[in-house]
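What follows is one structure encoded as structure tokens, with my remarks underneath.
The values are calculated or read from the model by the stated rules, or taken from the named source; none is laboratory data. Keep in mind it's a predicted model, so treat the numbers as computed, not measured. Here Cβ is always computed from backbone atoms with ideal geometry, including for glycine, and neighbour counts include all displayed protein chains.
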Amino acid sequence: MLKNIAKIFTSHIIVKAIGIINIALVLMFFSVENFGYYSFTLLALNLFAITIDPVLSSYLVDYKSFNYDRYNFGILIITLFLGFLFYVCINFLIIELPISLFLMFSVTYMISAGLKSYLNIKERYYNYGIVDLARQLIIFITSLIYFYTLNSNNYLELLEFNYLFSSIVMIFLAFIFIKKNEVEFSVRINKLKDLVFKSKFLIFYTALIPILTFIDSYFVDSYLTEEDLGIYSFSIKIYNISLMLVVPIFTVLNLRQIEVAKEDNYLSFTKENLNKIILFSVVILLLSIFLNWVLVNYLFIDYRESFWITNVLILASFITYITLPFSFLIAYRKYKYLFFLGVIGVSVNIGLNFFLIQKYGMIIAALSTFLSQLIINLGAATFSYFLLKNKKHEG
């Protein structure tokens, strides 16, 4: 397990480093206000994840649990149906997006997500890392070309330029990495219906997660100033950096947890790894706070106001690291508990922002994220412990 995590971690660190450099480049050319609009548009686009990630998560559990022979890319047909509805809702409720930008982003995201899911199941983690690396590298290169060759600074044009070329690269990688004898494209309505209905609570829960990361920025944009949106967007970027190890850990851990669940070996897994996870999480917490301090005091002084706001968000990432390895609700198919926690987390987030953000400002947005992560992640780990401890005793 650690070897596979290391494979993903290596590429993921490089991807995040390129992403940080790209953000630094954008910060050089955009004002605080324009950076806020750029980041908010990206967050809105990334809500597209709710049309694909829940289905892929559900399919991954089924694939490993029932030992399927071929990976069925036909499940992506669900995203094609939901994509149009998503675009209409985003434009009507949140932000007006150019159709060209949406199409290029959605092609990039759908192909990269489906490709990574396939490579994850096949445990080809070098190729998995190349997908993320290629996408982020092309975004950085096109950003350089846009700023230094085209000499423009329109954030919508920049995003269109980024995702035009990244979508082309994703299509190219799909042709290279997918092996015909390992995949199928079957659109059997009954099978898709079974997948959706049997895992409906997991699908609903997975759809809530991207919404959580968007809610705070939406309220900041709606109730506070343009400068506040820019400053809070900077905090969100640092928060995402502090979460950089979640993807490699969860990608491998998700499969490992399913194996542990099959062996009904949850308590042994917890005892063996508890102290190591606590130590690891504390180290990440301290390093993240130090990085935040260096950035706002020496590199991006215009964003110094974000320091304490970002630290609250970093505490939310600490909660994620320390609880994620011990949340076995997906592996044991206890989806209702996850959905229940997700609904509570989202409700608390919306309630705090709606009633308090105008009075207390950005700190409420950060606190609402922290409390949501506490409810969802700590709740999932706690439910796992008591449910599976009792299950073991019954056994």
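Residue check: is residue 324 without any contact (Cβ under 8 Å) to a residue 60 or more places away in the chain and part of a helix (DSSP H, G or I)? When the stated conditions are applied, residue 324 does not pass them.
Residues checked against (1) modelled with pLDDT of 80 or more; (2) on the phi > 0 side of the Ramachandran plot; (3) assigned to a helix (DSSP H, G or I):
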residue	(1), (2), (3)
166	yes, no, yes
173	yes, no, yes
187	no, no, no
194	no, no, yes
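Within the set of pairs 6+ apart or on separate chains, which have a first residue in the range 134-159 that is closer than 21 Å to residue 33 by Cα, a second that is assigned to a loop (DSSP other than H, G, I, E, B), and C-beta atoms under 8 Å apart? Pairs that qualify, where the first residue is closer than 21 Å to residue 33 by Cα and the partner is assigned to a loop (DSSP other than H, G, I, E, B), are 146/152; 147/153; 153/30; 155/30; 156/98; 158/152. Residues that are assigned to a helix (DSSP H, G or I) and either surrounded by fewer than 21 Cβ atoms within 10 Å (Cβ to Cβ) or not assigned by TED's automatic domain parsing to the domain that holds residue 292 (or both) within the range 327-351 comprise 336, 337, 339, 340, 343, 344, 346, 347, 348, 350, 351, listed in sequence order. State yes or no: is residue 97 surrounded by fewer than 21 Cβ atoms within 10 Å (Cβ to Cβ), farther than 18 Å from residue 71 by Cβ and at pLDDT 90 or above? Criteria not met by residue 97. Cβ-Cβ distances below 6 Å connect the following pairs, each with a first residue in the range 61-84 that is more than 13 Å from residue 48 (Cα to Cα), a second residue that is of a type in the set (Ser, Thr, Tyr), and a separation of six or more residues or different chains: 71/118; 72/186; 74/186; 75/59. State yes or no: is residue 96 among the charged types (D, E, K, R) and closer than 24 Å to residue 34 by Cβ? Spelling it out, residue 96 is indeed among the charged types (D, E, K, R) and closer than 24 Å to residue 34 by Cβ. Residues in the range 148-159 include none that are in contact with a Lys or Arg (Cβ under 8 Å, 6 or more places away or on another chain), within 25 Å of residue 13 (Cβ to Cβ) and not in a loop (DSSP other than H, G, I, E, B). Of the residues examined, residue 272 is not one that is within 24 Å of the chain's Cα centre (by Cα), assigned to a helix (DSSP H, G or I) and charged (D, E, K, R). Taking first residues from the range 208-228 that are in the same structural domain as residue 32 (by TED's automatic domain parsing) and within 11 Å of residue 368 (Cβ to Cβ) and partners that are crowded, with 18+ Cβ neighbours inside 10 Å and among the aromatic types (Phe, Trp, Tyr), no Cβ contact under 6 Å between residues at least 6 apart in sequence or on separate chains turns up.
Counting only helices (runs of 4 or more DSSP H) that fall entirely inside the range 13-124 and contain at least 2 residues that are outside the structural domain of residue 151 (by TED's automatic domain parsing) and among the polar types (S, T, N, Q), no element qualifies.
Looking across the range 24-69, just one residue is among the charged types (D, E, K, R) and within 18 Å of residue 235 (Cα to Cα), and that is 33.
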